[in-house]
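What follows is a single structure, written as structure tokens, with notes after it.
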Amino acid sequence: MRPAPPGPEWVVAAAPVPYPEALAAMEARVAAIRAGEAGERIWLLEHPPTYTAGTSARAEDLRDATRFPVFRAGRGGQWTYHGPGQRTAYVMLDLARPHGGVPARDLRAYVHALEEWLIRALDRFNIRGERRAGRVGIWVADRASAGGEAKIAAIGVRITRWVSWHGVALNVDPDLSHFAGIVPCGIVGHGVTSLWKLGVTATMEEADAALMAAWGEVFG
């Protein structure tokens, strides 16, 4: 029996990474993974304030096109904000093989696993993250938000020849007013929140530790 490949390499960026640089670096890594020249990678980073449009983004959901730089992302989904205080995790995996309980070449199972990863990471802060039918991302109870709940994490993926890129974004302590320039993920009637807004004053390092610890429970 052939040994299982090693787990993904974890890389934590020391400073905010401009969005175009991140796209170029991901694209290069994905090509190397496809060619068998590099291993899988999970890249944890922050971006300068940025609005990104997924393949389903509607022009009318960009409410303020002059506030921050705007980029087409090429991932699935609609509009997303990235900025300081938000932990973005770019996940580059060879999905042609299984990862823990995630079968090979099963996009639905992969997205479900990303959701479970976030839910388990949030559980380490005693926050109950939940899925919502018809609403992408992870949601939490928040009495201060419209509808009594708010989005704490976003998911947007792209698959190129069964290698994944893009990933998830967890709101640790971003400036939540920055989300006002878009309709986040095309969803109205609900707000966005963060660990800090919910009273959990976690550091970015603590958020990273929760993500790393929860990873093996889902993808290990």
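The values are calculated or read from the model by the stated rules, or taken from the named source; none is laboratory data. Please read these numbers as outputs of a predicted model, since none were measured by experiment. Every residue, glycine as well, gets a Cβ built from its backbone with ideal geometry; the counts of neighbours run over all protein chains shown.
Worth a mention:
- Some residue of region 178-199 being without any contact (Cβ under 8 Å) to a residue 40 or more places away in the chain, of a type outside the set (D, E, K, R) and not in a loop (DSSP other than H, G, I, E, B): no
- Residue check, Ala209 under 17 Å from Trp117 (Cβ atoms), part of a helix (DSSP H, G or I) and in contact with a helix residue (DSSP H, G or I) (Cβ under 8 Å, 6 or more places away or on another chain): no
- Strands (runs of 3 or more DSSP E) lying entirely in region 10-90 (those with 3 or more residues that are in contact (Cβ under 8 Å) with a residue 24 or more places away in the chain and surrounded by 14 or more Cβ atoms within 10 Å (Cβ to Cβ)): 41-45, 50-53, 79-82
- The requirement of being of a type in the set (Ser, Thr, Tyr) and more than 30 Å from Val200 (Cβ to Cβ) is fulfilled somewhere in region 45-55, by at least one residue.
- Given (1) surrounded by fewer than 22 Cβ atoms within 10 Å (Cβ to Cβ); (2) at positive phi; (3) part of a strand (DSSP E or B), number of the condition Val157 does not satisfy: (2)
- Val168 of a type in the set (Val, Ile, Thr), under 16 Å from the mean Cα position of the chain (by Cα), closer than 18 Å to Trp43 by Cβ and surrounded by 15 or more Cβ atoms within 10 Å (Cβ to Cβ): yes
- Filter result (touching a strand residue (DSSP E or B) at 6+ places or on another chain (Cβ under 9 Å), within 20 Å of His166 (Cα to Cα) and among the acidic types (Asp, Glu)) within region 34-63: Glu40, Glu46
- A residue that is surrounded by fewer than 22 Cβ atoms within 10 Å (Cβ to Cβ), in contact with a Gly (Cβ under 8 Å, 6 or more places away or on another chain), modelled with pLDDT of 95 or more and among the β-branched types (Val, Ile, Thr) occurs somewhere in region 203-218.
- Members of region 91-117 that are farther than 18 Å from Arg131 by Cβ, crowded, with 16+ Cβ neighbours inside 10 Å and of a type in the set (D, E, K, R): Asp94
- Scope region 61-117; condition in contact with a Pro (Cβ under 6 Å, 6 or more places away or on another chain) and closer than 21 Å to Arg34 by Cβ; matching residues: Ala104, Ala109
- Qualifying position, being at pLDDT below 95, surrounded by fewer than 21 Cβ atoms within 10 Å (Cβ to Cβ) and touching an Asp or Glu at 6+ places or on another chain (Cβ under 7 Å), among Gly134, Gly147, Gly186: Gly186
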